[in-house]
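Visitor: Submitted below is the structure of interest, expressed as structure tokens.
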Amino acid sequence: MCRSIKTLRRADAPATPEEVQAAALQFVRKVSGFRQPSHINSVAFERAVAEVTRASQTLLDDLSAPRRARRTGEASLAPTPAPR
């Protein structure tokens, strides 16, 4: 969908608040179809960016840590199996 949005869940370092906000901005731009909203739509646009930023940060905070890094250096996004 949004090719310029980077994967924020990484094994090497957590996403910075700026990265989370930038990804949220790209997402809202894609969904709304606006790169820069008109003055009349700017409040709704900025509110949406703030809400997506907050939800994204909550998701990243609540996810368990990646199990291990892959050979490429990317985090494994496979779910951790439940203990038996």
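The values are calculated or read from the model by the stated rules, or taken from the named source; none is laboratory data. What you are looking at is a predicted structure, and each value in this text was computed from that prediction instead of being measured. Cβ coordinates were reconstructed from backbone atoms using ideal geometry, including for glycine residues, and neighbour counts include every protein chain displayed.
Visitor: On the basis of being surrounded by 13 or more Cβ atoms within 10 Å (Cβ to Cβ) and either assigned to a helix (DSSP H, G or I) or at pLDDT below 90 (or both), does R67 make the cut?
Guide: For R67, the condition - surrounded by 13 or more Cβ atoms within 10 Å (Cβ to Cβ) and either assigned to a helix (DSSP H, G or I) or at pLDDT below 90 (or both) - is met.
Visitor: Now for a different question. Output the residues belonging to the range 1-55 that are among the hydroxyl-bearing types (S, T, Y) and either crowded, with 16+ Cβ neighbours inside 10 Å or part of a helix (DSSP H, G or I) (or both).
Guide: Here is the first cut: in the range 1-55, the residues among the hydroxyl-bearing types (S, T, Y) are 4, 7, 16, 32, 38, 42, 53.
Within the range 1-55, S32, S42, T53 qualify.
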